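Here's the structure, in structure tokens; my notes come after.
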Amino acid sequence: MAVKTYNAGVKEYRQTYWTPEYAPLDTDILACFKITPQPGVDREEAAAAVAAESSTGTWTTVWTDLLTDLDYYKGRAYRIEDVPGDDTCFYAFIAYPIDLFEEGSVVNVFTSLVGNVFGFKAIRGLRLEDVRFPIAYVKTCDGPPLTVFKLNRYAQPNMVARCFSCTIKPVGLSAKNYGRAVCPNVCRDRVGLTKMVTSTANRSCAGANVSISLWKPFTRRNTSCGGMGSSERNCQLRKKCTNAEYAKEISAPIIMRLHYRRFLCNTGLANWCHDNGTFLHSAVQCAVIDKSHIMVFTSVCWPGSASVSGDHHSGTIVSKLEGDRGATLGWIDLMRDSFIKEDRSRGIMFDQDWGSMPGVFPVASGGIHVWHMPALVAIFGDDACLQFGGGTLGHPWGNAAGAAANRVALEACVEARNRGVAIEKEGKAILTDAAKNSPELKIAMETWKEIKFEFDTVDKLDVAHK
Amino acid sequence: MSEVIDYRSRLSDPASRKFETFSYLPSLDKDQIRKQVEYVVNKGWNPAIEHTEPEFLMSNYWYMWKLPMFGETDVERILAEAEACHKANPNNHVRLIGYNNFNQSQGTAMVIYRGKTV
């Protein structure tokens, strides 16, 4: 055994953490960061710094390093690549040994990968682009409580082409008005779920009363005309258990959580859902404010899928919210498929094998309306959750008609797609045709025909080569 | 104030009941049904026929018409089974299912003969 001696002082990160000769093991957790170093810091040093700070190292040598086998636990920066079209930054590939992390806890992994390293001075920008979890680690995760194929088993008998519409705004209604706005109209038609917005749940007027107002009409519908409506109860960390328990008490099959704000209660809440057969909806729409310093959604898919929820917001491409088409298609694959090949054009940096981990629903939301339906069906396909908030409530004849219009549009597109029609190209004809039998769809098309969200995407993939 | 039209849908009105996929569209005609069967076959799914009395349409399990037609790719034979089921149960909803054995669930399901609602 090699004997090391203790030499106090600062030495360059690269001496310990830059290991270009290292061949990553099948059991390593791999991460790809896009790093923009500070002027004067070279690439190898910056990459090694990130590897060190996100695993075992700190800024100076400490004597306790010698009490352990550092080579067994340390992260290693093993490869550096140019970013296509951008000289100021580079990709750093880092391998972490599987034993560095607690098994079955994606949260534990991410507290290292996106921990203090993001506040690190030597780098100006840091993006966690993607993470590869080894199958050995995947098998230690319980997976989402209810998922695409599980929900297929439990849900409505005929529910295959799905439109989970929802109503989430406005904020500040009284409990009773909230129920009035959401349920009696919407649930008469088959809106798969309705969602309570966070800020409503936070208000003192909300809470239990709102849930009852929301839930009662569903119970009525479920018993009298069938169907499975569901209301997403927002579960907070502080009130998590009582909220979730209460949702169970009133037989609400879906609860909801906010991904970022309550990241730490992920696993606990997911375990609770496993035990109680509840579907967990995850609200995460990546807010891209500073695109150089962020955890890219590709990596966010992971905690969402592996540990936690049955569905997950993705970008939508066509909506009012941010979303690069290639990247969104990549995320959708990542959420639903069991093996995803590396594909730089979709922001997928590694092969990812999910093993038997079931897929989860990608969620499209944010300013979508009937005119978007052909694109949504083409992009998301079956097994997706389409959330029409304003697109339901904002219908000129109210939300029951709005829900019906959305359904007609969805079904017309699915029917045409199955017939082999290129629905994105023929979208207008399909909708116009369907509207002949649906005055609700017709008026919806007239109301929203001018509304488009054609802004340039802020958060783009690096595919433009020089 | 713009003109608002009431949306005709009542819990008390069985005719306004919906039964998911394609129930918001007018009933599919023969040609459209054939296209959907072709879609199931082209996807490599296993076709199956089920039926139920309309009053029990929301029950999770419908009557199976024989067994799923595993490996059947002949569109004519699938259509013939659906029609046989419809003839034998003229008042019932009859649905076409495509079982996807890779993701272990139904790839699609749709009512192709609408029963008589009561």
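Nothing in this text is a laboratory measurement; each read-out follows from the coordinates by a stated rule. Keep in mind that what you see is a predicted model, and the values were worked out from it rather than measured. Don't worry about glycine lacking a Cβ; one is built from the backbone with ideal geometry, like all the others, and counts go over all protein chains shown.
Listing for the model above:
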read-out: Net charge dipole size for segment A:1-57 [Lys, Arg +1 and Asp, Glu -1 on Cβ; Debye, nearest 20]; value: 160
read-out: Inter-chain Cβ neighbour average for residues A:429-440, partner chain, 10 Å; value: 1
read-out: Distant-in-sequence amide H partners of A:Phe361 (H built 1.01 Å from N, under 5 Å); value: A:Val148, A:Asp311, A:His312
read-out: Under the Karplus curve 6.51 cos²θ - 1.76 cosθ + 1.60, θ = phi - 60°, whole-Hz ³J(HN,Hα) for segment B:77-82, x wherever Gly or Pro sits; value: 5, 5, 4, 5, 5, 4
read-out: Cβ crowding within 10 Å averaged over residues, with A:396-404, A:79-87 ranked highest first; value: A:396-404, A:79-87
read-out: Sorted peptide list for A:407-417, A:111-121, criterion being average Cβ within 10 angstrom, highest first; value: A:407-417, A:111-121
read-out: Shielding by partners, peptide B:39-47 (average Cβ within 10 angstrom, other chains); value: 1
read-out: Within-11-Å neighbourhood charge of A:Thr140 [Cβ basis; K, R +1; D, E -1]; value: -2
read-out: In Hz, Karplus ³J(HN,Hα) per residue of segment A:4-12 (6.51, -1.76, 1.60; θ = phi - 60°; x = Gly, Pro); value: 10, 10, 8, 10, 5, x, 8, 10, 5
read-out: Residues whose placed amide H lies under 5 Å from that of A:Asp382, excluding near-sequence neighbours; value: none
read-out: Neighbouring partner chain Cβ atoms per residue of B:106-114, average, 10 Å criterion; value: 4
read-out: Summed side-chain charge close to A:Ile340 - residues other than A:Ile340 whose Cβ falls under 12 Å, Lys, Arg +1, Asp, Glu -1; value: -3
read-out: Table column - 3J(HN,Hα) (Hz), segment A:16-27, Karplus curve with 6.51, -1.76, 1.60, x for Gly and Pro; value: 9, 10, 9, 10, x, 7, 6, 9, x, 7, 4, 8
read-out: Long-range HN-HN contacts of B:Gly107 with modeled amide H, under 5 Å; value: B:Gly98, B:Tyr99, B:Asn100
read-out: Neighbour net charge for B:Tyr63 - beta-carbon separation under 14 angstrom, K R +1, D E -1; value: -2
read-out: Residue-span extension gain [B:Asp13 to B:Asn42] - 0.36 nm each, minus C-alpha spacing; value: 6.7 nm
